[in-house]
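These notes are about the structure you will find just below.
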Amino acid sequence: MATAVRTRIAPSPTGDPHVGTAYVALFNYALARQTGGSFVLRIEDTDRQRSTSASEQQILAALSWLGLEWNEGPDVGGAFGPYRQSERTEIYREHVEKLVAKSAAYPCFCTRERLEELRAEQKAAKGRFGYDRLCRSIDSEEAQRRVAAGEEHVIRLAMPTEGETIANDLLRGDIVIANDQVDDQVLLKSDGHPTYHLANVVDDHLMGITHVIRAEEWISSLPKHVRLYRAFGWDLPVFCHLPLLRNADTSKISKRKNPVSLDHYRQAGILPEALLNYLALMGWTMPDERDQFTLSEFVAEFRLEDISLGGPVFDLDKLNWLNGKYLRDLQGEDLLARLHEAVFADAYLEAIIPLVQERIDTLADFVPYAEFFFVGNVRYEETALPKLVAKNHTPPQTAKAFRVLLEEHLDAILEWSAANIEAAMRAFCEAREWNPKELFMPIRVAITGRTATPPLFETMEVLGKARCRWRLRRAMETLRGMKA
Ligand code: GLU
């Protein structure tokens, strides 16, 4: 009997749920469903500094919203758990010891200073970057003695220095790499935690993953991974690297040019089935070339080996167009339910009410006053538009301030609360010597389109990070289009 297919999505919980995660999850989900196999969700939180459980929860919620249900994962359990890498440290340590015992890996005692010097020398000589394998020549007994004495070290993979590694990608065929071009990758860090490469390979093997379907950006790691499988003496899974989603200018999709957070699409009123359909088109064409199809039709028809490698452009207009088709197909009752859920959810209205109650006289005032809570893009009131430019600053200076504020302060906020938003704005003002008064008005206009609004930070909290981020980006575009 053929082995049952097992696929996985392995997000790192280090930020907002990314559209790329949904894209990769969709193809993994589809293969598992098509073959009657299992789709596993594993949390890759090896980066202890950047991983948060808030981000993990948001990722799980976003994938559930899309309806990409997983059979095993940190929330539902399963026979191959735990499904969070931070709970598997011992497993990685044991595995690395096996590699050291067969000399397929070795302790490296080089200090940070030495590695920095080495890098500087390599840079000056315009040579290849990489570890020079100094510690590989230390006699293994001597190395063990130093480890036992508590000397700080990492464990590195001993790449063969001759020959080549052949790594097969289902869509690209054999990728051949000369072994001496591949670095002796760190597997275990000096704090005893694994790197991505070790944890990922060990888990894919122990969790019985048969198909590793992931983003193209990981293809450069493939030779190291293949080497690791061989060093352990394990069979290789099928590897399939999906083409990267791209911005309209064909650069890798990025939040500077496109909204990448799934929360954005949810709040912008994109229907989950339309988003999945759109993502499926980023690499797959139905045999009859129709654009609109359901998830189950996709699951039935799609063939992993027929994914096309052309860089798919994530085009917001096309997504909106497809969403419109879905929306018009909804039954009245269903549309009503969707509106309730996405636009007029009780929890959202309850958060808005205290911000507007003091400021309206009749119920009929609610809609015009609170309009900016419900629209995708705000309309700048005519009298407000000039105030999008900060007092005593030019439009480009204001746009730059928005960019720095967003990228260096607001994006880093984990818990999107009024207090944290205010602290981030004030931190920006301190760092860049801006007068808070001069900053807050343009931000108010960017976020609401007006000069008179409910308290700014509370308003931003209720609107949510994805909406605020997008409005600031749009404001930057508007500012760039103004005369300096
Ligand atoms: N944690 C990696 C990511 O977030 C997983 C890559 C992989 O699928 O191997 O993209």
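Derivation of every value follows stated rules applied to the coordinates shown; laboratory data play no part. Please read these numbers as outputs of a predicted model, since none were measured by experiment. No Cβ is skipped: glycine too gets one built from the backbone with ideal geometry, and neighbour counts run over all protein chains shown.
Summary of computed values
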| item | result |
| --- | --- |
| For region 403-454: rounded, prolate or oblate by the Cα gyration tensor [a/c cutoff 1.5] | oblate |
| Net length gained if the chain between Arg328 and Lys483 were fully extended (0.36 nm per residue, minus Cα distance) | 51.7 nm |
| Angle in degrees between helix 272-281 and the longest Cα principal axis of the chain, rounded to the nearest 10 | 50 degrees |
| Value of [θ]222 nm, deg cm²/dmol, for the chain, DSSP H segments ≥ 4, -39500 (n - 2.57) each, nearest 500 | -13500 deg cm²/dmol |
| Two-site label geometry, Ala61 and Arg256: point separation in nm, points 7 Å out along Cα→Cβ | 3.0 nm |
| Qualifying chymotrypsin sites (Phe, Trp or Tyr not before Pro) for region 280-356 [loop in DSSP, other Cβ within 10 Å: at most 15] | Phe344 |
| Gained length - Leu118 relative to Ala412, 0.36 nm times residue gap less alpha-carbon distance | 102.6 nm |
| Placed amide H near His18: partners under 5 Å, 5+ positions off or other chain | Leu262 |
| Sequence-distant residues sharing a close amide H with Val238 (under 5 Å, placed H) | His211, Val212 |
| Ala105 long-range amide H proximity, modeled H, under 5 Å | Val100, Ala158 |
| Sparse-neighbour loop sites [GluC sites (Glu not before Pro); region 336-397; at most 16 other C-beta within 10 Å; DSSP] | Glu381, Glu382 |
| Shape of region 297-449, Cα gyration tensor, a/c cut at 1.5 | oblate |
| Electrostatic dipole magnitude of the chain [Cβ: Lys, Arg +1; Asp, Glu -1; Cα centre; debye, to 20] | 1340 debye |
| Solitary cysteines of the chain, where the nearest other Cys Cβ is not under 4.7 Å | Cys110, Cys240, Cys429, Cys468 |
| Approximate spin-label separation Ile138-Ala347, in nm, with each point projected 7 Å along Cα-to-Cβ | 5.2 nm |
| P(r) weight above 28 Å for the chain, C-alpha pairs, percent | 61 percent |
| Computed lengthening from Leu170 to Glu289, 0.36 nm per intervening residue step minus Cα-Cα distance | 40.6 nm |
| Efficiency of FRET between Arg359 and Glu87 - r from beta-carbon atoms, R0 56 angstrom, step 0.05 | 0.70 |
| Residue-wise HN-Hα coupling along region 451-465, computed from phi with Karplus coefficients 6.51, -1.76, 1.60 (Hz; x: Gly, Pro) | 9, 10, 8, x, x, 4, 5, 5, 4, 5, 4, 5, 5, x, 5 |
| Simple spin-label estimate for Asn247 and Asp180 in nanometres, 7 Å along Cα-Cβ | 4.0 nm |
| Backbone N within region 87-106 under 19 Å of label point (7 Å from Val147 Cα along the Cβ vector) | 89-106 |
| Total formal charge among the other residues, if their Cβ is under 10 angstrom from that of Arg444, Lys/Arg +1 and Asp/Glu -1 | +2 |
| Cleavage-rule hits (trypsin sites (Lys or Arg not before Pro)) in region 302-396: DSSP loop, at most 13 neighbouring Cβ within 10 angstrom | Arg303, Arg379, Lys391 |
| Three-way shape call for region 165-242 based on the alpha-carbon gyration tensor, with the a/c threshold at 1.5 | oblate |
| Cα centre as origin, Lys/Arg/Asp/Glu Cβ charges: region 135-272 dipole, Debye | 740 debye |
| For the chain, with +1 on Lys and Arg beta carbons and -1 on Asp and Glu, the positive-most of Pro237, Ala337, Gln49 along the dipole | Gln49 |
